[in-house]
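Have a look at the structure below before the remarks.
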Amino acid sequence: MEKNIDWGNLGFGYMRTDFRYVANFKDGKWSSGQITSDDKVVINESAGVLQYAQTCFEGLKAYKTKDNSVVCFRPDLNAERMIQSAERLEMPAFPKERFLDAIHQVVQANLNWVPPYGSGASLYIRPYMFGTNPVMGVKPADEYQFRIFVSPVGPYFKGGAKPITLRIPDFDRAAPRGTGHVKAGLNYAMSLHAIVEAHKQGYNENLYLDSATRTKIEETGGANVIFVTKDNEVVTPKSSSILPSITRRSLMYVAENYLGLKAVEREIYLNEIHTFKECALCGTAAVLSPVGRVIDHGREINFSSGMEHAGEITQKLYDTLTGIQQGKIDAPDGWIYKIA
Ligand code: PLP
Ligand code: COI
């Protein structure tokens, strides 16, 4: 039985659910891992995560489909990306097969927290890993904890499908040879001041530029970006310092193979974005959130799709992607991972 929650009015926030998954790394190996109801983490005061932010995470969702199954969307890619994040941060990889098994266990244990089909909500799944033993000199920890908790969530941006406004910030998100391409907690710490400032000024998010030249579009604090050209091409920034979004890679595939559109990954310059007719943010949390306007230090770029509705191509991409996730449209092989 589903929990008695007002699913349609959920925002994107943490809600304590019944069970989480925990495994520990010690003496060079991972423990067998278990489901627990204990939501508290107790670690040493000098743990690597507390001193030097040695932590990485992932984000994916479980959905109820039309036939009432519970599925995840491409969790194998989250497993692979978390291994890449761990390697970049000198943390031990959590093996892919174990990652998938852990996702399975934690969702299965919390089945009655999975929002009903058609409610607009989903179950957000947050795998993460952090250094637990004391470090003083700057070096990696020797012991780690891998955990996964879940929380039912609604839309990331308040107002759901209403287009949002981005600003071009004066802050950078990632350095060219830094950690922008992995899901390191430190990337998000870097972005906190910029997002607080953006919100104070009335913007929904920051659209970061490449920090080397500050001429090219990168991504926002928590999502990749796509644009639609006047010729209905879907374009997205190519950069080695943005997170390789699973949603974006899936949307580019959907654009080409389901909608018959040209989908191009290339460098995109700030001084060309006024030529695009649509813009949207994509990610697990953001799904595909339409952007109506970008403000670059007072210069307004208004996409012709406007501030009321998603653009036509954005809407088609959204309907197709969410249709695949909810079992209404046939998925490419391997995209849907059935849990129950
Ligand atoms: N970019 C950043 C900085 C993110 O935090 C996220 C969220 O995971 C994304 C992009 C979107 O990635 P994905 O589609 O894999 O969730
Ligand atoms: C996600 O989309 O899963 C993320 O991790 C983004 C985060 C900013 C909520």
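Give the residue that is farthest from ligand 2 (Cβ to nearest atom), with candidates limited to residues of region 157-186 that are surrounded by fewer than 22 Cβ atoms within 10 Å (Cβ to Cβ) and basic (K, R). In this case the residue turns out to be R177. At least 1 residues being of a type in the set (S, T, Y) and modelled with pLDDT of 95 or more is the threshold, and among the strands (runs of 3 or more DSSP E) wholly inside region 64-159 those reaching it are 122-131, 144-153.
When R214 is tested against the conditions (1) of a type in the set (D, E, K, R); (2) within 16 Å of ligand 2 (Cβ to nearest atom); (3) not in a strand (DSSP E or B), the lone failure is (2). Contact map, region 38-63: first residue touching a residue at least 40 places away in the same chain (Cβ under 8 Å) and aromatic (F, W, Y), second residue in a strand (DSSP E or B) and within 14 Å of ligand 1 (Cβ to nearest atom), Cβ cut-off under 6 Å, separation 6 or more or different chains; pairs are F57/Y128; Y63/S122. Of the residues making up region 110-132, those that are surrounded by fewer than 18 Cβ atoms within 10 Å (Cβ to Cβ) and touching a strand residue (DSSP E or B) at 6+ places or on another chain (Cβ under 7 Å) number 4. Working only within region 246-293, note down all residues that are free of Cβ contacts under 8 Å to residues at least 24 places away in the same chain and closer than 20 Å to R167 by Cα. If the condition is that a residue be free of Cβ contacts under 8 Å to residues at least 24 places away in the same chain and closer than 20 Å to R167 by Cα, then E272 is the only one that fits. Return a yes/no flag: does region 268-279 have any residue that is buried (at least 24 other Cβ atoms within 10 Å of the Cβ) and either within 25 Å of D170 (Cα to Cα) or within 13 Å of ligand 2 (Cβ to nearest atom) (or both). Within region 268-279, one or more residues are buried (at least 24 other Cβ atoms within 10 Å of the Cβ) and either within 25 Å of D170 (Cα to Cα) or within 13 Å of ligand 2 (Cβ to nearest atom) (or both). Count of region 24-78 residues, restricted to those that are under 22 Å from V153 (Cβ atoms) and in contact with a Gly (Cβ under 6 Å, 6 or more places away or on another chain), is 3.
Annotation: R293 fulfils all but one of (1) closer than 30 Å to H104 by Cβ; (2) assigned to a strand (DSSP E or B); (3) of a type outside the set (V, I, T); the unmet one is (1). For region 53-102, taking the residues that are among the charged types (D, E, K, R) and within 13 Å of ligand 2 (Cβ to nearest atom), the one that is nearest to A285 (Cα to Cα) is identified as K61. Just one residue in the set S304, S289, S250, S245 is in contact with a strand residue (DSSP E or B) (Cβ under 9 Å, 6 or more places away or on another chain), of a type in the set (G, A, S) and more than 16 Å from ligand 2 (Cβ to nearest atom); that residue is S304. Within the option set L192, L207, being in a strand (DSSP E or B) and in the same structural domain as S305 (by TED's automatic domain parsing) holds for one residue only, L207. When V138 is evaluated against the numbered criteria (1) in contact with a helix residue (DSSP H, G or I) (Cβ under 7 Å, 6 or more places away or on another chain); (2) of a type in the set (V, I, T); (3) surrounded by 15 or more Cβ atoms within 10 Å (Cβ to Cβ), which criterion, by number, is the only one it fails? Checking V138 against (1) in contact with a helix residue (DSSP H, G or I) (Cβ under 7 Å, 6 or more places away or on another chain); (2) of a type in the set (V, I, T); (3) surrounded by 15 or more Cβ atoms within 10 Å (Cβ to Cβ), the one that fails is (3).
The values are calculated or read from the model by the stated rules, or taken from the named source; none is laboratory data. All figures in this text were calculated on a predicted structure; none of them were measured in a lab. Reconstructed Cβ throughout: ideal geometry from the backbone, glycine too, with neighbour counts over all protein chains shown.
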